[in-house]
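Input: a single structure, listed below in C-alpha cells.
Each reported figure results from applying straightforward, stated rules to the coordinates on display, with no laboratory input. Model, not experiment: these values are computed from the prediction. Ideal geometry is used to build each Cβ from the backbone, glycine not excepted, and the neighbour counts take in all protein chains shown.
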Amino acid sequence: MSQRTSTHSTAADPRNESLKLFLNGKIVPKAEAVVSIYDSGFMLGDGIWEGLRLHDGVWAFLEAHLDRLFEAALALDLDIGMTRQEIADALDATARANGMTDHVHARLMVTRGVKVRPFQHPALSQSGPTVAIIMEHSQPSIPRPIRLVSVAQHRGLPLTQDAKLNSHSKLNCIIACNQAIRAGGDEALMFDPFGFVNTTNACNFFIVRKGEVWTSTGDYCMNGITRRNVIELCRANDIPVFERNYTLIDSYGADEAFLTGTFGGMTPVGSIDGRTIGSGDRGAMTERISQLYRDLVRRHCDAMAAQRPDKAKKIS
C-alpha cells in the first residue's frame with residue numbers, strides 16, 4: 001500500500017512530548033491541559049477555533065485571524081472573555097514558554113464553557129468560556145502531491161451551517177474525509193449545494209487551466225486567509241484569477257491543481273478520482289504562486305517584527 005499522507009502531514013518532533021499549553025489564563029504542562037466532559041465544546045461542538053503559524057517570532061496574518069475569530073464569536077453569541085491584545089499576548093507567552101520561534105503551529109480554541117447540565121441550551125453554560133491554545137513544533141512534511149476523491153458529502157447552505165464559520169463542529173468534513181479515504185484518496189473534494197466544485201474537507205481548492213487560476217465563488221467554503229492572499233497575489237502579479245462556478249469535468253481537465261491553508265501554505269494536487277492532473281506533480285504556475293506566497297509571508301513577518309517588539313504580558 002502506498003504511503004498515506006494529507007495536507008496536515010508533519011515531520012516527527014520529540015519536543016512535542018513535553019509541551020506547555022495555554023488553558024483559561026494559565027500555561028500548564030501538556031498532561032494538565034484538560035477540560036471537563038461537561039464542556040460545551042466536547043459535548044456539542046459549541047465553539048470556534050483558529051489555526052496560526054509562527055514565522056521567525058511573528059504570528060503570520062494575526063490580525064486577519066483575529067478578525068475571523070471575533071466575527072465568528074459574534075455569530076455564535078459567544079463571549080470570548082479576552083480582548084484581541086490579550087489573545088495575542090497569550091499566543092506569545094505560550095511560544096516563549098516552549099522556546100518556540102519558527103516552524104510552529106497553534107490551534108486557538110474557544111468554547112462556550114462548562115455546562116451545569118448535559119443539554120443543548122446555551123444558558124446552561126454559566127462559568128464563562130473555555131479558551132485553550134495547543135502549540136506544537138510543526139514542520140509540514142508532505143511527501144507527494146495530494147490525491148483527491150470527489151464525495152457525496154457536500155458543503156451546505158449557510159442557513160444549515162455556514163461553512164464560513166470555523167466551528168468545532170467538523171463532522172460534515174470528517175464524514176467526507178472518511179469517504180475519500182475508503183475510496184483510496186487522501187482527502188475529499190466537496191461540492192456546493194448546486195453541484196459545483198467547492199473545497200476539500202480541510203483546505204481551499206484551486207485549479208489552473210490555460211494560464212488562468214480558478215477557485216470557487218467562496219459562497220460555501222471557509223473564507224481562508226491563505227486563499228484570499230493567493231487571490232490577491234495573482235491579481236497583483238497579472239495572473240488571471242477567477243472566483244467562479246466550475247464543474248468536476250473542468251477539474252479533471254486542469255493543467256494543475258493545488259490546495260491552500262494556513263498549515264501547508266500551498267500543496268499540489270496530483271490526481272482527482274484517479275485521474276492524473278497535468279504531470280501529476282507540482283506545476284509551474286503552482287510553483288510561481290508558492291514563491292510569491294512565501295515572499296509575502298516573509299515581507300509581512302519582517303514588517304510586523306519591525307513594528308511590534310515583544311510586549312506580551314507575563315502569563316503563568
task: Considering only DSSP beta bridges where both residues belong to the range 103-209, give the percentage that are antiparallel (nearest 5).
output: 80
statement: For the range 15-137, the charge dipole (Cβ of Lys, Arg +1; Cβ of Asp, Glu -1; about the Cα centre) points to a positive end, and the Cα of His105, Ala33, Met82 closest to that extreme belongs to Ala33
- prompt: Pick the calculated Cα extents along the principal axes in Å for this structure from (1) 54, 47, 39; (2) 59, 42, 33; (3) 73, 39, 37?
  reply: (1)
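Counting DSSP beta bridges in the chain, what percent are antiparallel, to the nearest 5?
Numbers: 47 of 56 bridges.
Bridges in the chain are about 85 percent antiparallel.
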Electrostatic dipole magnitude of the chain [Cβ: Lys, Arg +1; Asp, Glu -1; Cα centre; debye, to 20]: 420
- line: Quick calc: nm separation of the 7 Å Cα→Cβ label points for Asp281 and Lys170 -> 3.1
Cα gyration tensor category, rounded, prolate or oblate, for the range 13-58 with a/c compared to 1.5: oblate
query: For the chain, what is the mean residue ellipticity at 222 nm derived from helices alone (per DSSP H run of n ≥ 4: -39500 (n - 2.57); sum divided by total residues; nearest 500 deg cm²/dmol)?
result: -8500 deg cm²/dmol
field: Tensor-based shape of the range 15-137 (alpha-carbon gyration tensor, a/c under 1.5 rounded, otherwise prolate or oblate)
entry: oblate
- request: Towards the positive end of the charge dipole of the range 146-300, with charges on Cβ (+1 Lys, Arg; -1 Asp, Glu), say which of Met285, Leu159, Thr262 has the farthest Cα.
  value: Thr262
- line: Taking only the alpha-carbon positions of the range 126-257 as identical scatterers, the Debye log10 I(q)/I(0) at q = 0.09, 0.18, 0.22 Å⁻¹ comes out as -0.30, -1.10, -1.43
- request: Would you mind checking which residues have amide H under 5 Å from Glu256's amide H? H placed 1.01 Å from N; only 5 or more apart, or other chain.
  value: Val208
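May I ask you to derive the relative contact order of the chain, considering only C-alpha pairs under 8 Å and at least 6 residues apart, and to give it as an integer percent? Could the numbers behind the result be given before it?
Working: 619 pairs, mean separation 62.7, N = 316.
In percent, rounded to a whole number, it is 20.
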